[in-house]
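Undergrad: One structure coming up, written as structure tokens, with questions to follow.
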Amino acid sequence: MKNWPGLSWPRRAGKVENVLTLGIDTATRVCSVAVCDNNKILGSLEVNVGLTHSEGLVPQLETLLKLARVEKEQLELIAVSRGPGSFTGLRIGMATAEAMAYALDLPLVAVDTLEAIAYNLPVAGVRLIPVLDAQKGNLYVGSYRWEKDRLVETEPVRIAAAQDLAAQLQAGEGPAILMGECHRVPGTDNCGQVTLAPESARLPRGSSAAILGAAQYVPGGDLHAYFGMDPFYIRRSEAEELWEKRHPEGR
Amino acid sequence: MTEKAINILGIESSCDETAAAVVRNGREVLSNVVSTQILVHRKFGGVVPEIASRKHIEHVMPVIHKALTDAGLTLQEVDAIAVTYGPGLVGALLVGLSAAKGLALGSGKPLIGVNHLEGHVFANFLADPELEPPFLALVVSGGHTSLLVVEDYNTFRLLGQTRDDAAGEAFDKIARFMGLPYPGGPEIERLAKNGDPAAVDFPRPLLPGCFDFSFSGLKSAVINYIHTEEQRQSGFRREDAAASFQQAIVDVLVKRSQEAIRATGLKKIVLAGGVSANRHLQEALAEGARAAGAELVHPTPILCTDNAVMIGVRGYYQYLHQDFASLDLNADPSLKLGE
């Protein structure tokens, strides 16, 4: 795979060459932030000790910029991981990212969390299956595949029972690599087609969010286009699901 | 003007209102933006935390932007960012708090963490320009019923608080039991207008030897009464039940406030919190305070319910006190008064 990572990403009209991008991912227990100059990771800071993102994220961003010798005024773009993932974690990341973008007059792009995880692993010819906890024994499941140097979504993000997933992947075509919160998928030992991504590539990374975000960014347009943006929850709140069960006639 | 004006951007998201405001020198409102979710939660009969958080993230930046635009200021022209960090719903608090911290990091402006309840108390500085500590405060909301002494702008001494249900909680629970829509407080007040407050003699719980409150016994008595009358099909008037219940709560609040006025000798008492919008409470407490030798101050209706103006006012006095928060400030859903 040449030109990894990101330089050969399909260009959009008006795409600029180099974008100094701050990437934020708080979708899981990992708090990962990075600053990337287009495809070059200038700095990346990851914490995975179960600290609350509400406490750690902003000091982590401050430290990152300081260590990477980047003045916040030099930033050109902010990319935030939009989900699926922990509802509260996503909102912490998104509120912080939006507010920073507002304060610095920067554009903001939101990237799919599962796609950003798949982007960690540049392996062609396999099914990349990032999974994240969706509560109550369920997982958010993404399906991606590298075609030449493009990462392609082969199936929309879905919710599946964790216990069925290993068998499903075993029955599918070709080898599959589980990514994300793989430890939540039982029974992978007996599935020859299914392997687990290495720990270093498994979890969300701010750098993947930044690089994917820069590739998706189209300059111009409304600077405040992110006003009113929602995380990619997939699920409605439990209260709404219950209410609709009890009121099948609708609103 | 000799001294530079201090502009504080206030942000509030502790329950079901997303709010932002700009306040100058703690007393002048430059803007006041509130995006309310009341109708969103009504069909559920109360605030659903996850839905509240979802609405907050949708609205928080547009609301902040409008507050700055209405004030005619840019973010660079404000002196500090004040934000509610508790008490409240944790997921809801975290949206406003994260936005405030992102603004602080991006702009380099100082961050101020505000106690929501202190904010409610400080809304009274706008109602009464002459108000200055020390004074008494009665905080009555859906989550709190507290009597405290505001000794100076940064020192609060708790005299007493509820041991079980808050007054507003009792209003909401009775309203829900009577099948009234959320939020129940104003609905009970509306119903009570056409009722006889002396129709039913509900208990007026006054714990001896302290300034604490307890409303769960009263709440149960009201629910039992309505339940029994409905079973007997006695044709009782709901208006009378609502008026008698409201009167019992008001009597307790007034009596305790009078005791506090007499015990402290303070000449002003301020009313704060969502229930301070109750007109009957305002009138009865004004009269009761006067009889005990003090004057009542209560916020204008628009500042009784949750808003960010009060956060900006409280934030201004913390700014003068150099009471700044670090960027690891976390939400504290059960933050107490005076902490």
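Undergrad: Could you check how many percent of all C-alpha pairs in the stretch A:39-122 are farther apart than 19 Å? Before the final figure, lay out the partial values.
TA: Working: 1481 of 3486 pairs.
Cα-Cα pairs of the stretch A:39-122 separated by over 19 Å account for 42 percent.
Undergrad: Peptides B:11-23, B:244-256, A:189-201: what's the order by average Cβ count within 10 Å, highest mean first?
TA: Numbers: B:11-23: 29.2, B:244-256: 22.2, A:189-201: 13.8.
For the peptides B:11-23, B:244-256, A:189-201, the packing ranking is B:11-23, B:244-256, A:189-201.
Undergrad: Further question: Please compute the contact order of chain B in relative form: average sequence separation of alpha-carbon pairs under 8 Å and at least six residues apart, divided by the residue count, as a percent.
TA: Rounded, it is 25 percent for chain B.
Undergrad: Going by the alpha-carbon gyration tensor, a ≥ b ≥ c the square roots of its eigenvalues, is the stretch A:134-251 rounded (a/c under 1.5) or, if a/c is not under 1.5, prolate (a/b greater than b/c) versus oblate?
TA: Details: a/c = 2.22, a/b = 1.08, b/c = 2.04.
Judged from the Cα gyration tensor, the stretch A:134-251 comes out oblate (a/c at least 1.5, b/c at or above a/b).
Undergrad: If you don't mind, there's one more thing I want to ask. On alpha carbon coordinates alone, what is the Rg over Rh value for the stretch A:121-201, Rh being the Kirkwood radius?
TA: Working: Rg = 11.8 Å, Rh = 12.6 Å.
Radius of gyration over Kirkwood radius for the stretch A:121-201 works out to 0.93.
Undergrad: Next question, about the same structure. Using the beta-carbon distance between A:Leu242 and A:Glu153 and R0 = 51 Å, what value does 1/(1 + (r/R0)^6) give for FRET efficiency, to the nearest 0.05?
TA: Working: r = 31 Å, r/R0 = 0.61.
Plugging the Cβ-Cβ distance into 1/(1 + (r/R0)^6) gives 0.95.
Undergrad: Hey, how much of the P(r) for the stretch B:58-187 falls beyond 27 Å, as a percent of Cα pairs? Don't jump to the answer; show the numbers that get you there.
TA: Working: 3056 of 8385 pairs.
So the portion of pairs separated by more than 27 Å is 36 percent.
Undergrad: Given N residues in the protein assembly as shown, what is its alpha carbon radius of gyration divided by 2.2 N^0.38 Å?
TA: Details: Rg = 27.3 Å, N = 590, 2.2 N^0.38 = 24.9 Å.
Normalised by 2.2 N^0.38 Å, the Cα Rg of the protein assembly as shown equals 1.10.
Undergrad: With everything on Cα atoms, drop me the angle between helix B:90-107 and the longest principal axis of chain B, reported from 0 to 90° to the nearest 10.
TA: With both axes taken from Cα atoms, the answer is about 20 degrees.
Undergrad: Can you give the average number of partner chain beta-carbon atoms within 10 Å of each beta-carbon in peptide A:60-69, as a whole number?
TA: Details: counts 2, 5, 3, 0, 0, 1, 0, 0, 0, 0.
Partner-chain Cβ atoms within 10 Å, mean over residues of A:60-69: 1.
Undergrad: Sorted from fewest to most neighbouring beta carbons within 10 Å, what does the list A:Met100, A:Met229 look like? Mind dumping the intermediate values first?
TA: Numbers: A:Met100 27, A:Met229 17.
In increasing order of surrounding Cβ atoms, one gets A:Met229, A:Met100.
Undergrad: How would you rank B:Thr84, B:Thr264, A:Thr63, going from fewest to most other Cβ atoms within 10 Å of each one's own Cβ?
TA: On the way: B:Thr84 33, B:Thr264 17, A:Thr63 13.
With the fewest neighbours first, B:Thr84, B:Thr264, A:Thr63 line up as A:Thr63, B:Thr264, B:Thr84.
Undergrad: How far is helix B:49-71 tilted, in degrees, relative to the longest principal axis of the Cα atoms in chain B, given as a value from 0 to 90 rounded to the nearest 10?
TA: Relative to chain B, helix B:49-71 is tipped by roughly 50 degrees.
Undergrad: Compute the separation of the alpha-carbon centres of the stretch B:101-130 and the stretch A:118-154 and state it in Å as a whole number.
TA: First find each Cα centre; the distance between them is then 45 Å.
Undergrad: Here's a follow-up. Taking only the Cα atoms of chain B, how large is their convex hull per residue, in Å³? Please report the intermediate quantities before stating the final value.
TA: Details: hull volume 43.1 nm³, N = 339.
Per-residue hull volume (Cα only) is 127 Å³.
Undergrad: With a 10 Å radius around each residue's Cβ, average the other Cβ atoms per peptide and rank A:29-38, B:152-161, highest first. Let's see the in-between values first.
TA: Values: A:29-38: 24.3, B:152-161: 15.9.
Top to bottom by mean Cβ count within 10 Å: A:29-38, B:152-161.
Undergrad: Okay, next question. Over all directions, how big on average is the projection of the convex hull of the alpha-carbon atoms in the stretch B:25-79, in square nanometres?
TA: Details: hull surface 19.7 nm².
Reported value for the Cα convex hull: 4.9 nm².
Undergrad: Convex hull volume of the Cα atoms in the stretch B:133-298, per residue, in Å³?
TA: Values: hull volume 16.7 nm³, N = 166.
Dividing the Cα hull volume of the stretch B:133-298 by its residue count gives 101 Å³.
Undergrad: A further question on this structure: What is the extension gain from B:Glu283 to B:Leu39, computed as 0.36 nm multiplied by their sequence separation minus the C-alpha to C-alpha distance, in nm to one decimal? The partial results should precede the final answer.
TA: Numbers: separation 244, 0.36 × 244 = 87.84 nm, distance 2.88 nm.
Full-extension gain reported as 85.0 nm.
Undergrad: Put a dot 7 Å past each Cα toward the Cβ at B:Gln322 and B:Glu77; how far apart are the dots in nm?
TA: 2.9
Undergrad: For each of A:Phe227, B:Phe122, count neighbouring Cβ atoms within 10 Å of the residue's Cβ, then give the residues from fewest to most. Intermediate values should be presented prior to the final figure.
TA: On the way: A:Phe227 18, B:Phe122 31.
By the 10 Å Cβ count, ascending, the order reads A:Phe227, B:Phe122.
Undergrad: Once the Cα atoms of helix A:87-104 and of chain A are each reduced to a long axis, what angle between those two axes, in degrees from 0 to 90 to the nearest 10, is obtained?
TA: It works out to around 20 degrees.
Undergrad: How much FRET efficiency would the formula 1/(1 + (r/R0)^6) give for A:Val123 and B:Arg190, where r is the Cβ-Cβ distance and R0 is 60 Å, rounded to 0.05? Present the calculation step by step, with values, prior to reporting the outcome.
TA: Details: r = 66 Å, r/R0 = 1.09.
Efficiency computed from Cβ-Cβ geometry: 0.35.
Undergrad: How many Cβ atoms of partner chains, on average, are near each residue of A:45-53 if near means within 10 Å of its Cβ? Each step should come with its number before you reach the end.
TA: Working: counts 0, 0, 0, 0, 0, 0, 1, 4, 3.
If you average over the peptide's residues, the count of other-chain Cβ atoms is 1.
Undergrad: Peptides B:188-198, B:58-68, B:85-95: what's the order by average Cβ count within 10 Å, highest mean first?
TA: On the way: B:188-198: 17.2, B:58-68: 22.7, B:85-95: 25.1.
The densest-packed peptide leads the list: B:85-95, B:58-68, B:188-198.
Undergrad: How long is chain A along each principal axis, judged by its Cα atoms, biggest number first, in Å?
TA: 50, 50, 38
Undergrad: From Cα pairs below 8 angstrom and at least 6 apart in sequence, can you work out the relative contact order of the stretch A:116-251, rounded to a whole percent? Walk me through the intermediate numbers first.
TA: On the way: 183 pairs, mean separation 29.7, N = 136.
Relative contact order, the stretch A:116-251: 22 percent.
Undergrad: At 1.002 mPa s and 20 °C, plugging the Kirkwood radius over alpha-carbon pairs of the stretch B:206-322 into Stokes-Einstein gives what diffusion coefficient in µm²/s?
TA: Translational diffusion coefficient: 129 µm²/s.
Undergrad: If you count, for every residue in A:238-245, the Cβ atoms of partner chains within 10 Å of its Cβ, what is the mean? Could the numbers behind the result be given before it?
TA: Working: counts 3, 8, 6, 0, 2, 3, 0, 0.
Mean partner shielding for this stretch: 3.
Laboratory data are not the source of any read-out in this text; all were calculated from the coordinates shown. Worth saying up front: this structure is predicted, and the values here are computed from it rather than measured. Quick reminder, even Gly has a Cβ in these numbers, built from the backbone with ideal geometry, and neighbours come from all protein chains shown.
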